[in-house]
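The values are calculated or read from the model by the stated rules, or taken from the named source; none is laboratory data. Predicted model only: the values in this text are computed from it and were never measured. Here Cβ is always computed from backbone atoms with ideal geometry, including for glycine, and neighbour counts include all displayed protein chains.
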Amino acid sequence: MSMSNNKLEIDPVKYEIFTHRLEAIVEEGKEVTRYLSGSTITREAGEVQVAYYDPSGEGVAIACGILMHIMNVTRAIRYMKDQRYEEDIGIYEGDQFINNDAYIAGMHVPDFSIVAPVYYKGELIGYVASISHTPEVGAIEPGGMCPSAKEAYHDGIHVPLIKLIEKGKMRRDLLNMLLRNVRDPRGMELDIRARIAGNERVKTRIKELIDEVGLDFFKAASMKYLEDSENFARKRIQELRPGIYRAQAFTDSFGEELKPAVIMVEMEVTNEGEIVVSTPVVSPQGRCFDNAYLPAVEATVFYTMLVTLLPDGIWNTGLSRVIKLGEIPWKSRLNADPSCSVGYATVGISSVFCNALLDALSRALYSSGKKEEVLAPATIVNDTPIGGINQWGRQFGSILTSGALASGGGGRIGKDGIDSSVNMWNPWTYISDAEGEENLAPIIHVVRKHRPDSGGPGRWRGGVGVEHITMIHGSDIVQVMHFGGGHKIPVNQGMFGGYPGASSYFDWMLGTDVYKKLRQGMFPESAKDVMEILKGEYIPGPPNAPARHLKPGDLWISTSCGGGAGIGDPMERDPIAILRDIENGTATREVAERQYGVVFDASGNIDFEKTEQLRNQIKKDRLERGIFGLEYIKTMVDKRERGDLPKIALDFIKETEEFSPAFKELLEAEKRLVVENNVIETGIKKVSEGKTIMELTPYLNIVEDSKGEIWIACSKCDTIYCEPNENYKYYALVRERDPAEVQPGRLAFDKNWVVYREFYCPGCGTQIEVEAVPPGWPILSNYQFKEFEGSKK
Amino acid sequence: MAVLSNFHGKRCVIFTDTGGTFTDAIVVFEDGTFLTGKSSTTYGRLEISFFESIKDALSSQVNLEKVLSSAEIVGYGTTHGTNIIVSGVGGAKVGVITTKGHEDRTIIGRLRAAGLDRREGMHIVRADKPEPLVPRRLIRGVIERLDCKGNVVVPLDEDSVRHAVRDLLKENVDGIAVCLLWSFLNPIHELRVKEIIQEMASDVSVVTSHEVTPVFREYPRFISTIVDLYIGAALRELFEKIKGKLSDQGYKHPLQILQASGGLSRAEVVRPGTTLHSGPVGGLIGVEFIKRLYGYENALGTDVGGTSFDICFSPKEGSPLLREPIVGRFEIATPMREIVTIGSGGGSIAWIEPATGVLKVGPQSAGSEPGPVCYDTGGTEPTVTDADVVLGRIDPNYFLGGKMKLNKKKAWKAIEEKIANPLEIDVPEAAESICKIIDGTMNATLQTSMNMKGYDPTSFICVAYGGAGPTHCAGYTEGIGFRSVIIPPQAAVFSAFGASTAGLLHRYEASCMAMFMEMDYDEVTGKFQLENLTSLSQLPSEALDRINSIWERLEERAKDDASAEGFSLEDMNRNYEMLARYGGQLWELRVPLKSGKINSIEDFKQMVRAFELKYLEVYGEHAMFPAGGLEVVSLSLEIRKQLWEPRIPKIDKGERDPSKALKSERDVYFNEKWINTRVYERSALKAGNIVEGPAIIEAKDTTIVIPLDRKVRVDDYGMLIMSDK
């Protein structure tokens, strides 16, 4: 029997077995590389990938510990073609090429890939490549993700696909050059050798496999595997409702200083079962370490889709035939030119992009009837590179993954976000042991615990993150720095009435008497305790902190792992879940009272009756205090014109307007809207005998009324908002709030940078959406469906 | 099988295994004959099914008391502990005292997706953390701190301990797990916390993490410590009940418990955590028995059951261990023998992937309920067993020796509708494709798992067992090049049989974190230059002292346990191992050592050479990294004692021609055509018979398929040795 595959006939049984073998081969190579690596982020966080590529660069079988690099090496192989390597440089059996130029492939400088051509009986039949993260790359600061980097040349050594092994022989001169350029040559060499060993293993096995199945079959089956991946993905995408879904996310991470940036994502689901992702609005590239090159953006799109829409799909570049990048503006933070630093591309700006994309995708999933798949945005990684001489007298350079990866996931429909373990780019997130890190680096983790109230409030709250107090111990030659974001403005947006996760920070406390106090039994459990109990120089900091030389007893307090975003109106949260959170240390009573309208009795239990009364009162207040969206826009347009906004917001809007024609058009559109809608109807109409055509959000349905007219209406009280392709937010009640009213104290963002724009149902006061945006920012329209195009307005 | 009346008074070993659905028993007599029995597992009162299964094996003709009084060993393997962890039901209420500031360690977890398969783990929206074994409200921190060298940085604040204990006692905990950071290097604080708890509440059980498993990395160590209490009480209660009844019925020796490390320990001393996932290890012990029987160096076992394909390894240096195995959704620090498992078995469902039209088999399984279509018990999805029936490989009238009639028509129809029609092929072709895919999947797993470990198949024998192992072993071993493939006479009950051959075993492991940096090395070979070392004084004394003191500690514990089992340490086989790596690496290699303590520079050199040899074997010379120096992370000592060795009876000799065992002929589908095939009765085969493929050999509990290019030789023990023609 046989299946037709264009030209060649493929035995389906042989094919199925072949795919198992090929997957097992790359998996074996990946494990070899992972186990031999000396990098925590490779070994413990699993940041490693080994793959087999066909001669054109299509990744046929990809084994990854993390998903960031899934499409990356394809670009490296294509670069070799474009640069005529075969003709000018020579590609021979036994060669291996090393690359860490993120403009070619990879996400940032620490991502080293080694690409090896595979020959079978003299014919080049493809490539194997292994890619993993080596923290120390000789950048301006240790660790390769440097807040003080302002251009690519501060990011460390750039190695654009250079031949490291020629015909099986290591070029020692080149190796020595690489080792001479980094602070931890041993770590660099260890990782290089680990990748080479992984490649060698895969090469051997591929040849064995071809011996078994024959070269023609091998080639044809590889092609079919790519097609199968494509078909699978297409079919899954066809389950989504065609349309355009929009979302946005912000960040304050820049470099040594903070500066706002935006990413607005437009995700189009086509009738043909394809997804096109573009970012019509995005901030311009900057002299900072938080830019990304296009390969990083591409990688982010794929990993986001893999862990949400396609967890059971085939991991190869066949996916790129149905999931495509649309326009990503050139010289923007997401498509920077090669002179820009991209140190924080991986888990900084790209993760912000992922958050916006996830928001858009979750909206598509909900409106396609896949509620249980909805996942509110997670957060970004704030982390602590550290280097110097460790307590064993050995040079070291590392990233403390115990601190970085325990982030909260976004809320879900019916469930809270997963606490302290979610990174969208790595389903197998591994939270290192304190002992593992304390053995490697001269530190003591004094405190590592859940940060209460850090998850975004909502009916289903975001997962909480973790906070740390870490001190230097056992060495006085140590440099520590920190990178992160989400201090002044949130990096995620709540969905369907939920809020973003809380503000992150990173404080130093230097020259402390911590040893003495600890011996006296005085234990600092929180940032507040540190200030009250310990003596020393306290330096509150934003999350991006350039390197400092520290001494034993110096410490830092960080909320390295942020919280995920919440989903749904917090007034609908089950009070029992709040009690459980308080008991588990994931919430505090004081903040819960403020966020959820719950009333506790004297013994700390919920007073259900009073809670219900209070929540009803809160909804009434919303109806009284909210103004209609169109009216709100009017005042906002006016403020923009008059410059009556905080300077930071005004400058940000101006910068975005100048860089982005699409953003300019959004501002213009709001102006036109104000002129066209001089008289605003404020009456409330209810839909009668409406038939639900689709559930758009938990609180909004698209309904057909008895006259055959189609509306967006409240699913709780039948209040009509507008026609289906209009922006329902214009017809909701809006109220702008200082974030500190919702998340007090150090949980709060800066009101000059961001306001919480709450949208309520004008009929019942349900909070249907929250936008966490800079003051004066235009209101986003999240949906556009082809099926409703051409309706009246 | 032998005649029951012969058994009275014969020495025997009884082994019982409590599984999720059934409890199995095997009674093996000194002459190698055996009886097997089965009963439904009686949840809540597992001791009932324990005895029922033995009674079933003996049937009504033999008196249980008589057999028990002549039993040398009664062994017991149980999933009880595993079930408590997986279900979260029946565990003790445990409180935890830990280092202040780290109270959330076990709640935050380590690998969120632990225990999930690749697809489940990828699907983040559904890949929640497990419910913790100890909820946050039962975890208390105490002020104390050690550093990574075991030095006290913050002395234990005893007031904070008393406060924590009072809190936990108020919550009425059944036991307290003391889990402090770095305690494995210096137990001073854990010991003091334990004393304080015992002063305050003498009736509360206390365990400390350095006692349970004194190893590096706190998450798995803490979980192992919690598990010790969480399942401990329930297990001890069960063992007590069984022991009481056994001695009432005349059994004179200790009840021996099977551990996942591959050996027995008496019920009084066994650590609860070692019983977790002990079920599949019986097969490995059986493989080790076969190795001893023939004097082979390297062997592996392949077990095909209804839902899974399990591979275990027994190379000459000893069976590999999983360092931090996963039980349910938790990583623990109690090592287990490595069993590689994939979801391929007789019950694996064949299906067509809708988007690509590709035929897939598994990982979903019809299990025993509803079971394959041919069982006629409600299954509607075609399975591997259905394909075997359709192809004529399994005789529908002789399944389980004819005890269960299979419905071939239904199996045929299911394959026709669900597979053959959509693929536009005929039914036998579809059925053969199902078998080829399942065999190919198992084959790929087998090859990869050997490759990962650097095992050379030509020096290994492969033992095939489990209900469906003999049916599929020709397929899944094809092209691998094993020295031979052996199908033992006890194939269908091989795990139970194997467990009955288990010896005593205790394992100890402790981390020492000893570093030998700055050793000279040859840049070309990548090897350490040991010739320059002439005296131990050239090495860091701190590292040497730590290694030697840990060896002393481990041997001390081994001595105590050996004497508790009634032996002296000298009576036991001792295996020394270290976990070591190049400095700077983060994961360790397990290296067998000839001896423990380093008394001379030669001992040290031997240790380093053993590491280099193993490293080269597994990773090759490109990966050598002597610049990092050598780091010895942990040491382990294993003591073993074989208590009993069953004799396998030899069978009668016959000629090369197996015709006397021929029972019938039927059409069997091989390589896309129906071939008239001879069918032999296994019990009638004689030593020296050679059965050439194509052929089928039928036993009461399994069917052996010999394709065209294979043959089977019957040896003196009645083992079937399969090889290429």
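Just to be sure I understand, how many residues within region A:627-652 are touching a Lys or Arg at 6+ places or on another chain (Cβ under 7 Å) and of a type in the set (Val, Ile, Thr)? Steps first, answer last, please.
Let us first name the residues in region A:627-652 that are touching a Lys or Arg at 6+ places or on another chain (Cβ under 7 Å), namely A:629, A:637, A:645.
Pick out the ones that are also of a type in the set (Val, Ile, Thr) and you get A:637.
Of the residues in that region, 1 qualify.
Taking the conditions exactly as written (at pLDDT 95 or above and surrounded by 21 or more Cβ atoms within 10 Å (Cβ to Cβ)), does residue A:137 satisfy them or not?
Answer is no for this residue.
Can you tell me which residue among A:350, A:341, A:368, A:320 is within 29 Å of residue A:58 (Cα to Cα), more than 14 Å from chain B (Cβ to nearest Cβ) and surrounded by fewer than 24 Cβ atoms within 10 Å (Cβ to Cβ)?
A:320
Of all residues in region A:242-290, which are part of a loop (DSSP other than H, G, I, E, B) and farther than 19 Å from residue A:149 by Cα?
Answer for region A:242-290, where residues must be part of a loop (DSSP other than H, G, I, E, B) and farther than 19 Å from residue A:149 by Cα: A:242, A:270, A:271, A:272, A:273, A:274.
Could you tell me whether region B:182-201 includes any residue that is surrounded by fewer than 18 Cβ atoms within 10 Å (Cβ to Cβ) and of a type in the set (Ser, Thr, Tyr)?
No, the conditions are met nowhere in region B:182-201.
Quick one: residue A:223 ticks every box in (1) surrounded by fewer than 20 Cβ atoms within 10 Å (Cβ to Cβ); (2) within 21 Å of residue A:100 (Cα to Cα); (3) touching a residue at least 12 places away in the same chain (Cβ under 8 Å) bar one, so which box is it?
Evaluating residue A:223 over (1) surrounded by fewer than 20 Cβ atoms within 10 Å (Cβ to Cβ); (2) within 21 Å of residue A:100 (Cα to Cα); (3) touching a residue at least 12 places away in the same chain (Cβ under 8 Å) leaves (2) as the failure.
Can you find even one residue in region B:293-308 that is in a helix (DSSP H, G or I) and either closer than 18 Å to residue B:457 by Cβ or not aromatic (Phe, Trp, Tyr) (or both)?
yes
Taking only pairs six or more apart or across chains, which ones have beta-carbon atoms under 6 Å, a first residue in region B:616-637 that is aromatic (Phe, Trp, Tyr), and a second residue that is in a strand (DSSP E or B)?
Within 6 Å, the pairs are B:625/B:582.
Of the residues B:363, B:370, which single one is assigned to a strand (DSSP E or B) and surrounded by fewer than 24 Cβ atoms within 10 Å (Cβ to Cβ)?
Answer to the check: B:363.
Could you grab me the full set of residues in region B:537-552 that are away from chain A (no Cβ under 14 Å) and surrounded by fewer than 16 Cβ atoms within 10 Å (Cβ to Cβ)? Explain how you work it out, then say what you get.
Start the filter on region B:537-552 by keeping residues that are away from chain A (no Cβ under 14 Å), which leaves B:537-539, B:541, B:544-545, B:547-552.
Result: B:537, B:538, B:541, B:545, B:549, B:552.
Please work out which residue is surrounded by the most Cβ atoms within 10 Å (Cβ to Cβ), limiting yourself to region B:432-469 and to residues that are in contact with a Gly (Cβ under 8 Å, 6 or more places away or on another chain) and of a type in the set (D, E, K, R).
The qualifying residue surrounded by the most Cβ atoms within 10 Å (Cβ to Cβ) is B:439.
Please enumerate the residues belonging to region B:110-137 that are in contact with an Asp or Glu (Cβ under 9 Å, 6 or more places away or on another chain) and part of a loop (DSSP other than H, G, I, E, B).
B:110, B:112, B:113, B:114, B:115, B:123, B:127, B:129, B:135
What do you reckon, is residue B:611 touching a residue at least 24 places away in the same chain (Cβ under 8 Å), of a type in the set (Phe, Trp, Tyr) and part of a loop (DSSP other than H, G, I, E, B)? Explain how you work it out, then say what you get.
Numbers: touching a residue at least 24 places away in the same chain (Cβ under 8 Å): yes; of a type in the set (Phe, Trp, Tyr): yes; part of a loop (DSSP other than H, G, I, E, B): no.
So residue B:611 fails the test.
Quick one: which residue in B:701, B:667 is out of contact with any Leu (no Cβ under 7 Å at 6 or more places or on another chain) and in contact (Cβ under 8 Å) with a residue 40 or more places away in the chain?
One residue alone meets the criteria, B:667.
Tell me the helices (runs of 4 or more DSSP H) entirely within region B:167-257 that contain at least 3 residues that are within 16 Å of residue B:91 (Cα to Cα). Outline the logic, then answer.
Working: elements: B:188-200, B:209-212, B:218-248.
Output list reads B:218-248.
So is residue B:596 touching a strand residue (DSSP E or B) at 6+ places or on another chain (Cβ under 6 Å) and under 13 Å from residue B:516 (Cα atoms) or not?
Spelling it out, it is not the case that residue B:596 is touching a strand residue (DSSP E or B) at 6+ places or on another chain (Cβ under 6 Å) and under 13 Å from residue B:516 (Cα atoms).
For region A:557-589, give me each residue that is over 29 Å from residue A:248 (Cβ atoms), touching a Phe, Trp or Tyr at 6+ places or on another chain (Cβ under 8 Å) and more than 14 Å from chain B (Cβ to nearest Cβ).
Across region A:557-589, the qualifying residues are A:575, A:578, A:589.
Could you please find all residues in region A:373-406 being closer than 20 Å to residue A:494 by Cα and in contact with a Pro (Cβ under 6 Å, 6 or more places away or on another chain)?
The answer is A:382, and nothing else.
Could you look through region B:385-424, keep only residues that are crowded, with 22+ Cβ neighbours inside 10 Å and touching a Gly at 6+ places or on another chain (Cβ under 9 Å), and pick out the one that is nearest to residue B:675 (Cα to Cα)?
B:388
Rundown of residues vs (1) facing chain B (nearest Cβ under 9 Å); (2) outside any loop (DSSP other than H, G, I, E, B), yes/no style:
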| site | (1), (2) |
| --- | --- |
| A:436 | yes, yes |
| A:444 | yes, yes |
| A:453 | no, no |
| A:464 | no, no |
| A:480 | no, yes |
| A:487 | no, no |
| A:492 | no, no |
| A:509 | no, yes |
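When you scan region B:136-143, do you find a residue that is at the interface with chain A (Cβ under 7 Å from one of its Cβ atoms) and under 21 Å from residue A:304 (Cβ atoms), even just one?
No: zero hits.
Can you name the residue in region A:289-317 that is acidic (Asp, Glu) and modelled with pLDDT under 95 and, of all such residues, is surrounded by the fewest Cβ atoms within 10 Å (Cβ to Cβ)?
A:312
Quick one: would you say residue A:418 is within 7 Å of chain B (Cβ to nearest Cβ), in contact with a Gly (Cβ under 9 Å, 6 or more places away or on another chain) and modelled with pLDDT of 95 or more? Write out each step before concluding.
Working: within 7 Å of chain B (Cβ to nearest Cβ): yes; in contact with a Gly (Cβ under 9 Å, 6 or more places away or on another chain): yes; modelled with pLDDT of 95 or more: yes.
Taking the combined requirement at face value, the residue satisfies it.
Which one of these does residue B:358 not meet: (1) within 14 Å of chain A (Cβ to nearest Cβ); (2) among the β-branched types (Val, Ile, Thr); (3) surrounded by fewer than 20 Cβ atoms within 10 Å (Cβ to Cβ)?
Status for residue B:358: all satisfied but (3).
Can you tell me how many residues within region A:318-361 are in a loop (DSSP other than H, G, I, E, B) and under 17 Å from residue A:69 (Cα atoms)? Full working, then the answer.
Quick first cut of region A:318-361, residues in a loop (DSSP other than H, G, I, E, B) only: A:322, A:326-331, A:333-334, A:336-344.
Within this subset, residues satisfying the condition of being under 17 Å from residue A:69 (Cα atoms) are A:334, A:342-344.
Summing the residues that are in a loop (DSSP other than H, G, I, E, B) and under 17 Å from residue A:69 (Cα atoms) in region A:318-361 gives 4.
Residues B:93, B:149: which one is at the interface with another protein chain (Cβ under 9 Å from one of its Cβ atoms) and more than 30 Å from residue A:377 (Cα to Cα)?
Going through B:93, B:149 in turn, just one is at the interface with another protein chain (Cβ under 9 Å from one of its Cβ atoms) and more than 30 Å from residue A:377 (Cα to Cα): B:149.
Within region A:325-377, which residues are of a type in the set (A, V, I, L, M) and modelled with pLDDT under 95?
A:345, A:347
Applying the selection to region A:406-415, what residues are more than 14 Å from residue A:466 (Cβ to Cβ) and more than 10 Å from every other protein chain (Cβ to nearest Cβ)?
Once the filter is applied, which keeps residues that are more than 14 Å from residue A:466 (Cβ to Cβ) and more than 10 Å from every other protein chain (Cβ to nearest Cβ), region A:406-415 yields A:411, A:414.
Can you tell which of B:227, B:281, B:215 is over 26 Å from residue B:65 (Cα atoms), among the aliphatic types (A, V, I, L, M), touching a residue at least 24 places away in the same chain (Cβ under 8 Å) and within 14 Å of another protein chain (Cβ to nearest Cβ)?
Going through B:227, B:281, B:215 in turn, the sole match is B:215.
Looking only at region A:105-119, decide whether some residue is in contact (Cβ under 8 Å) with a residue 12 or more places away in the chain, crowded, with 17+ Cβ neighbours inside 10 Å and of a type in the set (D, E, K, R).
Checked region A:105-119: at least one residue is in contact (Cβ under 8 Å) with a residue 12 or more places away in the chain, crowded, with 17+ Cβ neighbours inside 10 Å and of a type in the set (D, E, K, R).
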